[in-house]
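Take a look at the structure below.
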Amino acid sequence: MSDHTAHGLRALVAAFLDTHDPDGDRLGFLRARFDAGLAWVQHPPGRGGLGAPPQLQAVVDDAFAAAGAPDNRPRRNSIGLGMAAPTLLRHASDAQCRRWLRPLWTGEEVWCQLFSEPDAGSDLASLRTRAVPDDDDWIIDGQKVWTSLAHEARWAILLARTDPAAPKHHGITYFVCDMTAPGVQVRPLRQATGEAEFNEVFLTGVRVPDAHRVGAVGQGWQIARTTLMNERVAIGGRPLPREGGMVGVLARLWRERPELRTAGLHDEVLRAWVGAEAARLAALRLRQLIAAGEPGPEGSAVKLSFAELSQRISGLEVELRGAEGLRHDDWTMRRPTEPDLLGRTATYRYLRARGNSIEGGTSEILRSIIAERVLGLPTEPRVDR
Amino acid sequence: MSDHTAHGLRALVAAFLDTHDPDGDRLGFLRARFDAGLAWVQHPPGRGGLGAPPQLQAVVDDAFAAAGAPDNRPRRNSIGLGMAAPTLLRHASDAQCRRWLRPLWTGEEVWCQLFSEPDAGSDLASLRTRAVPDDDDWIIDGQKVWTSLAHEARWAILLARTDPAAPKHHGITYFVCDMTAPGVQVRPLRQATGEAEFNEVFLTGVRVPDAHRVGAVGQGWQIARTTLMNERVAIGGRPLPREGGMVGVLARLWRERPELRTAGLHDEVLRAWVGAEAARLAALRLRQLIAAGEPGPEGSAVKLSFAELSQRISGLEVELRGAEGLRHDDWTMRRPTEPDLLGRTATYRYLRARGNSIEGGTSEILRSIIAERVLGLPTEPRVDR
Amino acid sequence: MSDLLYDADEEALRDTVRALLAAHAPWQRTLAAVDGGDPYDATLWRRLVDQLGVTGLAVPAEHGGAAAGFREVAVVLEELGRAVAPVPFLGAAVATRALLACAEHTLLRRLAAGECDVTVAVGFATAPDLATGPEGRPDPVTVGPGPTLTGRVTGVADAVPHGLLLVPAGDALYVVDAAEPAVRMSAVVSLDATRPLVDIEFTAAAARPIATGTAAADAVTAALTAGAALLASEQVGLAQWCLDTTVAYVRQRHQFGRPVGSFQAVKHRLADVWVELTEARAVARYAADRLGAAGPEAALAAALAQAYCGPVAVRAAEVCVQLHGGIGFTWEHPAHLYLKRAKSAAIAFGTADRHRAALARLVDLPPPVTATAFGDAGR
Amino acid sequence: MSDLLYDADEEALRDTVRALLAAHAPWQRTLAAVDGGDPYDATLWRRLVDQLGVTGLAVPAEHGGAAAGFREVAVVLEELGRAVAPVPFLGAAVATRALLACAEHTLLRRLAAGECDVTVAVGFATAPDLATGPEGRPDPVTVGPGPTLTGRVTGVADAVPHGLLLVPAGDALYVVDAAEPAVRMSAVVSLDATRPLVDIEFTAAAARPIATGTAAADAVTAALTAGAALLASEQVGLAQWCLDTTVAYVRQRHQFGRPVGSFQAVKHRLADVWVELTEARAVARYAADRLGAAGPEAALAAALAQAYCGPVAVRAAEVCVQLHGGIGFTWEHPAHLYLKRAKSAAIAFGTADRHRAALARLVDLPPPVTATAFGDAGR
């Protein structure tokens, strides 16, 4: 429809802004932007895109930002944008995409993820939540855990077992579950930080129409891999400026509080700085590598480094603060939509960062993925299939 | 025969010295000391001991040393004293003990160990060297590797497979092999250091009399465990004074060469000092714990720490020396009886220390031993039995 | 040569303390107290003091104590660390060392008898080498008019209401009654919720000097050195709990059709914790044993203890959280209580890097001569 | 934003170099040369210079070069590191940077044409920030009488006989012909036997100044900065060989009835090497890319490169030896060649701690203000 160059897309945005007031109705503006294919330019027309090269997304975002246009508040719907949308775009039907993608992108509908279970953590494929067919519906029973945003979400991507007799990876189906449906119960799950950032979700006789099944029955595990690879890229993949993230907090503390400095911690601060800068450049290089491609297992490396660095840097910051590091701000239970890793105390950062090597694939699982999928090392002897 | 107290043993040594001149014939003196039960006091009379508590050995050794008596040059026969002797004392017949123990202890006969094979390293029990009965002899064929002292040894402890049809741990028998027998060929094996501290040993139709079998046929693996546990204790178990070993070399270098010091390496030197002192105290505590008992899996921890520290400290020393660290002393092939870890250059220490986490059980194997035998964690699924 | 083992009396003491804590201080009770905002367990503390006489362990018999010594104090601390028990015993042990140094026999007798709580009023993060002069002290308290104290000391651990405070001020060490209106204690939100901290404000508070000059400085240094040395045993007990609990969990938890504890990455990580813990125990025993020794060996052993054992306990607690997976990260599981105590303890009495710097002086491994750290070495 | 990838020309160059090295520099040949005591492979070097023109890569076209740049030089170094090839290319690249800084076009042209070898005569361990003044230089060379040099420079890498030496002396940079009798080079037993070092003695050697004052100091600093930056690519190539070779070995070696590479401890260790290598590659590419940049970014990128990539290559080589078990520790296996080069390279152009100290200055993370390191912080 137009030339897919930076110049061509800037012209498209300019034309759009001529007919849509960025200071007018926020939702109306965002819906129109989606319909104009300026939401996700690399995706097909009709699904928020134009079929343009993915690296042009930044050009479009910059042009809208420069015009003072409202954004879709991406951090409020991180699971929807980062995990549900890539999966739906790849595996959902046209009708499903029409129903879900636009309100997802505009932020009108928040999404959450119902994958993990108390007994199926790293071994996600051992999940036990059942989906039993009943006319044109499926009846879902089970318990899910580690669900962020469940208390704000309208929809959930859900894995459930549809064939208990099949080998464990083959009996799973992928659904979209209405979080307002009867039988869905959400309970906050409090963490070491004192916050309840996550939830437990109990599903009791929840009806999901077969029209909300994504992909074929029994293909859920393959589809979930799209979701999970995008999760790892989403967790580790944001481009950061130098000293972006926790290392910047540490560096500023070192500069602004000379009385805290010791010789022993100086070298540790420098090592942390070096490690963070190396990880940042590697993430940047990965973005350049996959600019035109699919996320691959390399994202696991970025996520692994992010977890280790955030733990090391926050732990170092607590020690550098010394007497201050013995103090916390508040243990009151809160329900944040996302962790506030840069805004609160060093102690909060330290405690919250412990979760970074557990959530979204433990560091142990990620190392095995790298060893097997990148290096081609043999799998361990399996006893579970 | 006498009272087994420090006082009583000091009196015994004094009496012995009254009738044996420490400045006279060296071997005669040592043989008499063995016969008097003053070699290994904790072992039974007739086998070089008195059946005394093992902690009194130090009392006896100190008394002889104070009198200027000759010692048995233990470092020249480390395998014999540290591995063969404990195994023979526990598993050999009286006749075998009579034949072998005295010349072993006096150093008249040096021993080596023929366990490892090129394809059986960590997985020692997969060894393939065959022993086939022939009248009252066994005919041995196979290849052994990593044999220190083979070129100086009169005897070897040898593991060979006597029943290829049995499960791998059950078809092995323990022998003593005469290194001067026809069919024994020793070739030096050069290492990364340039030295050939070890040998390859080729065994071709070597005859070993059945009288030189230790323990029952097929019981070799159980007996070898005694040898191996003593190896780990021998490697890690010497009592050291503070700053004994490599950390002392590093500390002296730091003190004597202020121009080499940097702020970054200062903290590394201090960490190394702390680590070495902690390991030293742990080894001391272990000695106190096992003073009256058998070596247990705890020795694995000492060996593990020793390997990590020697690698870390020697690597740090090379860096601290900077320009000097780029230089080596000599790559000429030598055949030392033991590594000279404190006498040569930092580069030699660094290279030789890489072997510390491989020889005598890799650090990976030791961690598994600790996890299973100390912590009681489950074994991995086995596919080889 | 130090005896680095536990003797029969020490093992018996351990059994008694462990049984009492198992009966009266399960972690569920501690977590509930933390949630309730008042973590110190006064009932448990009375049991330890009245039934077991823990505050008398290091007090000589002629002053009413059990004449056991700091090795036994260390054994009690191991068990308290193992249970993250919320009682002010560490502070009492530190105060005991100060009172012994001052030969303050009346207070020692009252402390041993369980008649009063005594605490050294110095910030919990203070390293032994920072307590020796008014200029080095983080929170200076001024003296006067007369024998009164004015000032603010922040982040003090184990300062219970109605106890006595030993306050370094000017060139002396004073006793102040915390129950006085001129003393205001305000609670702090502490990282380690099982060891509350307070800020203490003195406004012309009546004070009685118990040592002056070098004697006062030496008493405070000895007390903080004892704190650093004894804390190591608490850290060993804490790390042991983390290891034991994790081993038990990974033996029972299955993933991929196998116990999680059969995976080599898990096994080797726990083996490393065990090796470190084995070393930390030897170091902590050595520090407890040398506490009574004269000369620099007590200072060296204490610096070594905090340079080594603090990081070991933190790693053990971190591995505990990691290998429990999600469940170890929840508020309902006790792992976070141990993680928070371990991280706080790594700061208490000075961070590991401070103790390494102290060792540098004690064992003659001086820092580079230039201050710039840039153009210093010839390479 | 720097391009951290390899473009098509760079990939083609890599393929050419790799093919040439595979054909003419297998490790068996290198090991035999090491055993023979004369490791430099002059034949291989001629092929690289004459067939591929590697010495002209960073020389502008108007001076007879290929006008490619230091990114391409870095690609060649990756392959040389991967093969531990014994040729003096790194030294030539460092000299190229110095000659570019001095605008010494005649020598650049000769270098690009392969007519002579040029080396900066500074000890291989010298960090960029140590080359800027006579007082900081480890081996001062004196000038006079007239344009002659006298002194001794130790541990110089890539100084081939009959080449030209760029010698910093006094406040200038001089060219000296190594073939002169007044120049004596004596071989050193070097840890990295595939990169010989020499001590050089100048006895009133005839010298020609090519830069003086700030220009001379800047040229030497730029050259050593280039060395630090480019060495990172050699380290990446070396680490990649170690990883690839180890992966291939553990896939094929069986113990306990399984490939060694199926054990989780082995897998995870190699995964960690891969993660570090992935980061090191990005860091090395950044350093090569920024070499041409003005301002402090080239110095920062070079310091980061040696602070990060040196230790990564050492760890990769150490893991390679460890996971090969006994065989990797033998002289007949090439792993030791890589281990020795990695450890030497970690010292070349300054150790990682020196580069961290340089970063401290470049990114404003200054050391503690007091020099004692004891009484410095309020805790």
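Worth pointing out:
- Across the range B:55-76, the residues whose backbone nitrogen lies under 20 Å from the label position 7 Å along the beta-carbon direction of B:Asp23 are B:63-72.
- Taking the label point 7 Å along Cα→Cβ, B:Glu256 and its counterparts in the other copies are spaced 4.9 nm apart, in ascending order.
- Mean separation of Cα contacts under 8 Å (6+ apart) over length of chain A, as relative contact order %: 13
- Near the amide H of C:Ala121, within less than 5 Å, lie the amide hydrogens of C:Leu166, C:Val167, all on another chain or at least 5 residues away, with H placed in the peptide plane.
- Solvent-accessible area per residue for the range D:216-362 (1.4 angstrom probe, square angstrom): 21
- Its Cα gyration tensor gives chain C an equivalent ellipsoid, and the semi-axes of that ellipsoid, as √(5λ) in whole Å with the largest first, are 34, 26, 20.
- Extension gain (nm, one decimal) between B:Glu108 and B:Gln96, 0.36 nm per residue minus Cα-Cα: 2.7 nm
- Of all DSSP beta bridges confined to chain C, the antiparallel ones make up roughly 90%.
- The amide H of C:Gln255, built 1.01 Å from its N in the peptide plane, has C:Val260 as neighbours under 5 Å, considering only residues 5 or more places off or on other chains.
- For chain A, complete DSSP H runs whose alpha carbons reach 30 Å or more along their own long axis and whose mean Kyte-Doolittle score is -0.5 or higher are A:263-290, A:298-321.
- Computed from label points 7 Å out along Cα-Cβ, the spacing between C:Arg152 and B:Val383 is 6.6 nm.
- Backbone N under 16 Å from the B:Arg257 label point (7 Å along Cα→Cβ), restricted to the range B:343-362: B:343-351
- Chains C and D together bury roughly 1900 Å² of accessible area, counting both sides, with a 1.4 Å probe on protein heavy atoms only.
- Between this copy and the others, label points of A:Arg335 are 8.0 nm apart in ascending order, each placed 7 angstrom from Cα in the Cβ direction.
- Cut-off 15 Å (backbone N to label point 7 Å along Cα→Cβ of B:Asp141), residues of the range B:183-215: B:183-184, B:202-208
- Using θ = phi - 60° in the Karplus curve 6.51 cos²θ - 1.76 cosθ + 1.60, the 3J(HN,Hα) couplings for the range C:288-301 round to 5, 5, 7, 4, x, 6, 7, x, x, 5, 5, 5, 5, 5 Hz; x is entered for Gly and Pro.
- C:Thr43 contributes about 80 Å² of solvent-accessible surface, heavy atoms of the protein only, 1.4 Å probe.
- Sequence of A:Glu259, B:Glu380 when ordered by accessible area, the most exposed leading, probe 1.4 angstrom: A:Glu259, B:Glu380
- In sequence order, the range C:34-44 has phi-based couplings of 4, 4, x, x, 9, x, 4, 9, 5, 5, 4 Hz under the Karplus curve 6.51 cos²θ - 1.76 cosθ + 1.60, θ = phi - 60°, and Gly or Pro positions carry x.
- Under-5 Å amide H pairs with A:Leu114, H placed in peptide plane, nonlocal only: A:Ile157, A:Leu158, A:Leu159
- Over the protein assembly as shown, equivalent-ellipsoid semi-axes from the Cα gyration tensor in Å: 50, 47, 38
- Cα gyration tensor shape for the range C:216-362, rounded if a/c is under 1.5, else prolate or oblate: prolate
- Nearest-0.05 FRET efficiency for B:Ala58 and B:Asp119, computed from C-beta distance (R0 45 Å): 0.60
- Length added when fully stretched, B:Arg334-B:Asp210, from 0.36 nm per residue minus Cα-Cα: 41.0 nm
- Highest-MSF residue in chain B out of B:Ala32, B:Ala301, B:Ala224 [GNM, Cα springs under 10 Å]: B:Ala32
- Inter-site label distance for D:Arg18 and B:Arg187 at 7 Å from Cα along Cβ, in nm: 3.4
- Gaussian network model of chain B, Cα within-10 Å springs - most flexible of B:Ile157, B:Ile140, B:Ile358: B:Ile358
- Unsatisfied cross-links (Cα-Cα over 32 Å) in the set C:Lys343/D:Lys343; B:Lys168/C:Lys267; C:Lys343/D:Lys340: C:Lys343/D:Lys343; C:Lys343/D:Lys340
- Surface share of carbon and sulfur [accessible, 1.4 angstrom probe, percent] for the range D:216-362: 56
- Shown for the range B:1-159: the carbon plus sulfur share of the solvent-accessible area, taken with all protein chains present and a 1.4 angstrom probe, equals 49%.
- Computed over protein heavy atoms with a 1.4 Å probe, the accessible surface of chain B works out to 38 Å² per residue.
- If you wrap the tightest convex hull around every Cα atom of chain B and split its volume per residue, you get 164 Å³.
- Solvent-accessible area buried by pairing A with D, both sides, nearest 100 square angstrom, 1.4 angstrom probe: 4200
- In the assembly of identical copies, A:Gly183 has its label point, taken 7 Å from Cα in the direction of the beta carbon, separated from the corresponding points by 7.7 nm (ascending, one decimal).
- For the range D:1-23, residues shielded by at least 50 square angstrom of accessible area compared with the chain on its own, probe 1.4 Å: D:Leu4, D:Leu5
The values are calculated or read from the model by the stated rules, or taken from the named source; none is laboratory data. Here the structure is a predicted model, which is why all the values come from computation and not from measurement. So basically every Cβ, Gly included, is an ideal-geometry build from the backbone, and we count neighbours across all protein chains shown. Note: areas computed on protein heavy atoms with side chains; ligands, DNA, RNA excluded. Shrake-Rupley method; radii C 1.70, N 1.55, O 1.52, S 1.80 Å.
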